[in-house]
Amino acid sequence: MSTTEEKSLNFIEEIVEEDLRSGKYKTILTRFPPEPNGYLHIGHAKSICLNFGLANKYGGATNLRFDDTNPTTEETEYVESIKADVKWLGFNWAKELYASDYFEQLYNFAVDLIKKGLAYVDDSTSDEIAASKGTPTQPGTPSIYRDRSVEENLQLFAEMRAGKYKDGEKVLRAKVDMASPNMHLRDPIMYRIKHAHHHRTGDKWCIYPLYDFAHGQSDSIEHITHSICTLEFIPHRPLYDWFIEKLDIFPSHQYEFARLNVTYTIVSKRKLLQLVNEKIVDGWDDPRMPTISAMRRRGFTPESLRDFCEKIGVAKRENLIDYSLLEFCVREHLNKIALRRMVVFDPLKVVITNYEVGKVEMLKGENNPEDEDTTYRDIPFSREIYIEREDFMENPPKKYFRLAPGQMVRLKNAYIIKCEEVMKDEQGNITEVHCTYLPESKSGGDHSNIKVKGTLHWVSIPHAINAEVREYDRLFTVENVDEAPGDFKDYINKDSLHVVANAYAEPALQHAKFDERYQFLRKGYFTLDMDTSEEKLVFNRTVTLRDTWAKEKGKA
RNA sequence: UGCCCGAUAGUAUAAGGGUAGUACAACAGAUUUUGGUUCUGUAUGUCUUGGUUCGAAUCCAGGUCGGGCAACCA
């Protein structure tokens, strides 16, 4: 008998299961339909996990389809980054497709609707069309071109395609209902004229279909069973269904879920583009960005992102997810896989006065205590070491477990030391601390019988190697950036990047690899940045460790 | 003033007429050679008013609140 709790289904999974159970479909086909006009972000990750996840779970497939119907904003660079991101997240698409692959077919669909008297060419200007649409509470008024004959429409549309007209001179509109309470049904535009170069079709076309006359038809052509999109497309659904019905083609169905929002971040392509263009960040993959490429560079793992998308759920209610959930997911995974290393960011010299001058001991340190068969690396120990400056206080508050005059601490993987003397310069700044060590307290063979509260990380000064460490904080200062009054850029966190130019790392890090993750003891999780060169190691901080001591201090 | 969505702890998300559960966050404690990990425990919730019912988060009606809809964007 199984004791495993049955995981509850989200509302889309319920629809899919019902469709499968009822025999409506034998197998499902979903699609992930990005427009190649920007980089994918954490919000897209939710959509990717949903669409591909559904197909994986129910034995179907997912197409990657680029919604490239607007040649003026779309570029091949984006196509490549999107493909890389989806792959990195761990998903494989059945087919790589483009809405532009269907331009000829879409054109024929339009001709079909013209012949059925359901579409017409309109010579009105953009402003005139907007004005005649009415308002949500007032019906629109029909265009004077609405009743052109089929023959005339056919000829005009052919001339549009042939390039006889300038941009904006004419459009093709669906003849639906100018009085509909749904604005999207008030004779929506199907085609506009754009003499622009398309990233795939080049100059073959000068008319391009709009979203409403491309997306649903593309779904139908591919026989997509479940076309999943975000809430703002709900009012488009009647039109989606209308085109499919009038064209009498495969009936794909659209379902809508609430997009992801995360505290202290933005997921608007427009705003992200602005951050990049205005050089507020260093590019789409600046590790502070919520893009998938940035998160990859920062050290997030695909496993942790998928886990996050699983945990946030799928529903129709608008939501704002705590950034701390993302941090939890990444820590949970990194804790299992990260190699433990010691790195001192802000050094304070410690001299162990009773340790032999010139002596070097190789100590063993666990690579990862979470591993059942943990392996070890060698760590050199000597008379002079660095500890973190914040790990020493001359006048410590109560409950301070670190080094202080007369106090003892454990050096991780090494000995217990006791602070004997504090050395200062003329200004009174602490320059170094003199300690004695307990030879019988060596890690692994401790028979000192002494228990200490604190354990510090450290590096041997003569063996330390240099590294640059980049510490990131949230990009915005307010939880809900979209709701904050004024311009979103007013809430940029000025301290979102802190660079430690000269950190001291234990020698094992000399051989750090790009695909490895590290936990710098008591500091956080780190990974090598691509700026690393022969001369310089550069690490990105993916996320800090949970820090209950910082919280304790905050209370004081 | 039209149409369309939605409303369950701080944040998300379950319970589909029968004990309001889970995760993150918070708080308290235990363990710990990382103030990490792990473990234990605590507090906090069904928008509102009626109705149906032995019984309502769930079904019905009204209200309130939040969101969306008038790009030749997607």
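The values are calculated or read from the model by the stated rules, or taken from the named source; none is laboratory data. Values in this document were obtained by computation on a predicted structure and should not be read as measured data. Note that each Cβ is placed from the backbone with ideal geometry, even for glycine, and that neighbours are counted across all protein chains shown. The area values use the complete protein model at the heavy-atom level, side chains included, leaving out ligands, DNA and RNA. Shrake-Rupley method; radii C 1.70, N 1.55, O 1.52, S 1.80 Å.
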**Report entry** 13 Å beta-carbon shell around A:K536, net charge (K/R +1, D/E -1)
**Finding:** -4
Query raised in the report: Just for the Cα atoms in region A:11-259, what are the lengths along the principal axes, largest first, rounded to whole Å?
Result: 52, 39, 30
Query raised in the report: For A:N319 and A:D241 in the same chain, what is the full-extension length gain: residue separation times 0.36 nm, less their Cα-Cα distance, in nm?
Result: 25.3 nm
Query - Cut-off under 5 Å, modelled amide H: who pairs with A:L537 long-range - result: A:E468
Report task. Note down the nm distance, to one decimal, between modelled labels 7 Å out along Cα→Cβ at A:D490 and at A:T125. Result -> 3.6 nm
Requested in this report: For chain A, report the accessible area per residue in Å² (1.4 Å probe, heavy atoms, rounded to an integer).
Outcome: 47 Å²
Query raised in the report: Over all distinct alpha-carbon pairs, what is the Kirkwood Rh of chain A in angstrom?
Result: 27.8 Å
**Report entry** From the C-alpha gyration tensor of region A:260-312, square roots of 5λ in Å
**Finding:** 21, 13, 7
Query raised in the report: If one takes the longest principal axis of the Cα atoms in chain A, at what angle in degrees, from 0 to 90 and to the nearest 10, does the Cα axis of helix A:237-247 lie?
Result: 50 degrees
Query raised in the report: Among A:483-496, A:299-312, A:187-200, A:265-278, how do they line up from the highest to the lowest mean number of other beta-carbon atoms within 10 Å?
Result: A:299-312, A:187-200, A:265-278, A:483-496
Query raised in the report: Along the Cα-to-Cβ line of A:E370, 7 Å from the Cα, sits a label point; which residues in region A:306-340 have backbone N less than 11 Å from it?
Result: A:329-340
Query - In degrees, nearest ten, helix A:76-88 long axis to first principal axis of chain A (Cα) - result: 60 degrees
Query raised in the report: Considering only protein heavy atoms and a 1.4 Å probe, what is the carbon-and-sulfur percentage of the accessible area of region A:343-457?
Result: 45 percent
Query raised in the report: ³J(HN,Hα) across region A:349-366 via Karplus (A = 6.51, B = -1.76, C = 1.60, θ = phi - 60°), whole Hz, x for Gly/Pro?
Result: 6, 10, 9, 9, 5, 9, 9, 3, 5, x, 6, 10, 10, 9, 9, 9, x, 5
Query raised in the report: Dipole magnitude of region A:1-149 about its Cα centre, charges +1 at Lys/Arg Cβ and -1 at Asp/Glu Cβ only, in debye to the nearest 20?
Result: 540 debye
Query raised in the report: Say the cut-off is 31 Å between C-alpha atoms; which of A:K271/A:K513; A:K87/A:K494; A:K26/A:K133; A:K95/A:K269; A:K364/A:K513 go over it?
Result: A:K271/A:K513; A:K87/A:K494; A:K26/A:K133
Query raised in the report: Roughly how many percent of the accessible protein surface of region A:11-259 is carbon and sulfur, given a 1.4 Å probe and a whole-percent answer?
Result: 52 percent
Requested in this report: For A:L339, list long-range residues whose amide hydrogen, built 1.01 Å from N in the peptide plane, is under 5 Å from its own amide hydrogen.
Outcome: A:R517, A:Y518, A:Q519
Query - At R0 = 56 Å, FRET efficiency that the Cβ-Cβ distance of A:M423 and A:K271 yields, to 0.05 - result: 0.60
**Report entry** Total charge dipole magnitude, chain A, about the Cα centre, Cβ charges on Lys, Arg, Asp, Glu only, Debye to nearest 20
**Finding:** 760 debye
Query raised in the report: Near the amide H of A:T230, under 5 Å away, which other amide H atoms are found, from residues 5 or more places off or on another chain, if H is placed in the peptide plane?
Result: A:F257
Report summary line: In whole Hz, the Karplus estimates of ³J(HN,Hα) for region A:45-60 (6.51, -1.76, 1.60; θ = phi - 60°; x where Gly or Pro) are 4, 4, 5, 4, 4, 5, 5, 6, x, 4, 5, 4, 5, 9, x, x
Query raised in the report: What percent antiparallel are the DSSP beta bridges of chain A, to the nearest 5?
Result: 65 percent
Query raised in the report: So for region A:343-457: antiparallel DSSP bridges make up what percent, rounded to the nearest 5?
Result: 75 percent
Requested in this report: For region A:112-159 and region A:370-449, write down the distance between their C-alpha centroids in whole Å.
Outcome: 80 Å
Requested in this report: Read phi for every residue in region A:261-276 and hand back ³J(HN,Hα) as whole Hz from Karplus 6.51 cos²θ - 1.76 cosθ + 1.60, θ = phi - 60°, with x for Gly and Pro.
Outcome: 10, 10, 4, 6, 9, 10, 10, 10, 4, 4, 6, 5, 4, 4, 4, 6
Query raised in the report: Do any cysteines in chain A lack another Cys Cβ under 4.7 Å, and if so which?
Result: A:C206, A:C229, A:C329, A:C419, A:C435
